[in-house]
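Data first, discussion second: the structure below is written as structure tokens.
Values quoted throughout were computed directly from the atomic coordinates according to the rules given, and no laboratory measurement underlies them. Please read these numbers as outputs of a predicted model, since none were measured by experiment. Cβ placement follows ideal geometry from the backbone for every residue including glycine, while neighbour counts extend to all protein chains displayed.
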Amino acid sequence: MKVYLIIIQGFYLLTLLPWFFIWGLSFMVFDNGISFWGISIMIVVSLYPVAVAICSILSWLLKEKVKSLNIFLISAIPLLWVTSLVAVIIGY
């Protein structure tokens with residue numbers, strides 16, 4: 001399980017580089033004014049590094065206390081952002 005956590009967190013570290021670029025571009029949702037949709041997009045995009053940090057910390061803290069499947073699920077939560085971005089890119 002330790003090797004899995006190191007690999008997945010290395011992947012998350014690599015995805016933070018394009019996230020910073022996407023986060024900067026996502027401010028363009030406010031070009032037509034402030035809207036609920038724009039604020040929602042900014043919140044979702046901005047929460048990615050928070051989810052990575054929280055899930056990584058929880059995975060390491062709970063590594064010995066809970067089952068491996070639960071650790072896998074906790075550490076895979078930030079993959080929702082990654083798979084959503086890949087789906088949007090493929091959809092275009």
field: Helical segments meeting 27 Å axial Cα length and Kyte-Doolittle -1.0 threshold in the chain (DSSP H)
entry: 2-25
- request: Report the relative contact order of the chain, percent, no decimals, based on alpha-carbon pairs under 8 angstrom and at least 6 residues apart.
  value: 31 percent
field: Theoretical ellipticity at 222 nm over the chain - DSSP helices of four or more residues, -39500 (n - 2.57) apiece, nearest 500
entry: -24500 deg cm²/dmol
task: Kindly put M28, M1, M42 in sequence by how many other C-beta atoms sit within 10 Å of each C-beta, fewest to most.
output: M28, M1, M42
- request: With just the Cα atoms of the chain, tell me how far they stretch along each of the three principal axes, in Å, largest first.
  value: 50, 24, 20
- prompt: In Å, what Rg and Dmax follow from the Cα atoms of segment 7-50?
  reply: 12.3, 41
